[in-house]
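A short reminder: the numbers here are calculations on the coordinates, not readings from a lab. Source: prediction; values computed, not measured. All Cβ positions, even for glycine, are placed from backbone atoms using ideal geometry, and neighbour counts span all protein chains on display.
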Amino acid sequence: MVTTTTPPVITVAPAGLAGFLCDVTEEPVSFTDCLRCAQHGAPGCSFAPGVISNLIRGIRDSDYADLLARENGAELGFSVTELVGCPRQFVLKKQNPYYEKVSAMYRMAFGSGYHSALAEYETSHGFKERTLTWKITFMGQTILLVGTPDLFEYSEEMGGWLITDYKVTANPPFGHKVPICVHCDLELHKNASGDKLVCPNCGEFSPRSPAVARVYKPAQARTSHALQVNLYALLIEKNAARLKESFPVKGAQIEYLGPKTPVRCEVTLDRDATMAFLQARLRVLLNTHDLPPVLDEVDELWRCDYCPVRSYCEQAHGGPVGKAATEESAEAEA
Ligand code: SF4
Ligand code: SF4
């Protein structure tokens, strides 16, 4: 007699945000089960049900830019946040189901709350959280770029728009002393062995050389945040007719909202570099054959610590990524 056994049913969640990663067990959990767990006391967990409920209500459709693109007759949409983030993460999130850590969602929601409070600021000549779009054709596809600057207002001192973007963070950037070359005023960086300082024009110096001076360098905006406001500047320029105001964008700043004090960083606007970045980034995101490379810029590696698709990323890469990869290669060299 032939007996048949029913094969087990394997359910695979569709690509996209599928639920939370529990902060206690580190196991995936659906949004509703997490809320139910919080409502029943959640042993060992810090999250009260009201907080979990607020996190669930705050989840934004990850296809937001694509939906807006379709409404505007474009094939694809990219938000400025997506453009300046990790392109590999963007692609992996589209291809796989993933889970966000509850504490990571909490950090984001905490920031959004303060943003909403700051949007109460009354400006007589400016725009708060105004969504701007720009439709372009690139590599044969119509693309809608979407961005929502926190604030841009007319500055009489500058004679044009000043963009302000807020970032709530536990670790705002800070100023520090840096070595510079007394001959050409350029900042010096350590050589590979770390015992000399290198000037791009004058060569290597001993750290105690009289050719090395030390000057205070104010806090600098992080690379991706500087790019973000530069892309907003481009969107404002392209929306001049719709805004009925055709002022040039004259300045941009990031206000880092730290736990003790805000840190304000001015950002240099560079239209040509921003256009070049935009084209290069779109080329990577539109390449459907290859997964974008892992991040390797030092001031962007923090993203890997909070990345919800890190396991997929490391699996495809065949090893650790982010700061762990840098430490591993430093150990290998030692
Ligand atoms: S309430 Fe806390 S313990 Fe319960 S599933 Fe959610 S994160 Fe985990
Ligand atoms: S782990 Fe890092 S490199 Fe990999 S996808 Fe995430 S942010 Fe990008």
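Just a few scattered comments:
- What the Cα convex hull of region 222-297 gives, in volume per residue, is 144 Å³.
- Cα-based convex hull volume of region 7-100 per residue, rounded to whole Å³: 154
- Rg ratio for region 176-217: its Cα radius of gyration over 2.2 N^0.38 Å, N being its residue count, equals 1.01.
- Ranked by how many other Cβ atoms sit within 10 Å of their own Cβ, fewest first, the residues VAL102, VAL178 fall in the order VAL178, VAL102.
- Working from label points 7 Å from Cα in the Cα-to-Cβ sense, the HIS125 to LEU243 distance is 1.3 nm.
- Derived scalar couplings ³J(HN,Hα) [region 118-129; Karplus, 6.51 cos²θ - 1.76 cosθ + 1.60; whole Hz; x for Gly, Pro]: 6, 5, 6, 4, 8, 10, 7, 9, x, 10, 10, 6
- Placing dummy labels 7 Å off each Cα toward the beta-carbon, the span from LEU67 to GLU26 is 3.4 nm.
- Among the listed pairs LYS196/LYS217; LYS101/LYS323; LYS177/LYS323; LYS167/LYS260; LYS101/LYS167; LYS94/LYS128, those with a Cα-Cα distance over 22 Å are LYS177/LYS323; LYS94/LYS128.
- About its Cα centre, the chain has a charge dipole of approximately 260 debye under the convention of +1 per Lys or Arg Cβ and -1 per Asp or Glu Cβ, with nothing else charged.
- Radius ratio Rg over Rh of the chain, counting only Cα atoms, Kirkwood formula for Rh: 1.02
- Cysteines without a disulfide-compatible neighbour (Cβ-Cβ under 4.7 Å), the chain: CYS22, CYS34, CYS37, CYS45, CYS86, CYS184, CYS265, CYS304, CYS307, CYS313
- Inter-site label distance for GLU204 and MET139 at 7 Å from Cα along Cβ, in nm: 4.1
- Dipole of the chain, positive direction: furthest Cα of THR326, MET158, PRO210, with charges on the beta-carbon: MET158
- To the nearest ten degrees, helix 323-333 and the longest principal axis of the Cα atoms of the chain are 70 degrees apart.
- Rounded to the nearest 500, the helix-only mean residue ellipticity at 222 nm of the chain stands at -10000 deg cm²/dmol, with each DSSP H run of n ≥ 4 adding -39,500 (n - 2.57).
- Highest average packing first - 34-40, 24-30, 226-232, Cβ atoms within 10 Å: 226-232, 34-40, 24-30
- Here HIS115 and LYS190 are evaluated by their C-beta separation; at R0 = 45 Å the FRET efficiency comes out at 0.75.
- Only Cα pairs under 8 Å and 6+ residues apart enter the sum, and on that basis the relative contact order of region 176-217 stands at 44 percent.
- Taking the DSSP beta bridges with both ends in the chain, the antiparallel portion is around 65 percent.
- Order of SER116, SER124 - criterion: other Cβ atoms within 10 Å of each residue's Cβ, fewest first: SER124, SER116
- For the pair ALA219 and THR326, the difference between a 0.36 nm per residue extended length and the Cα-Cα distance amounts to 36.1 nm.
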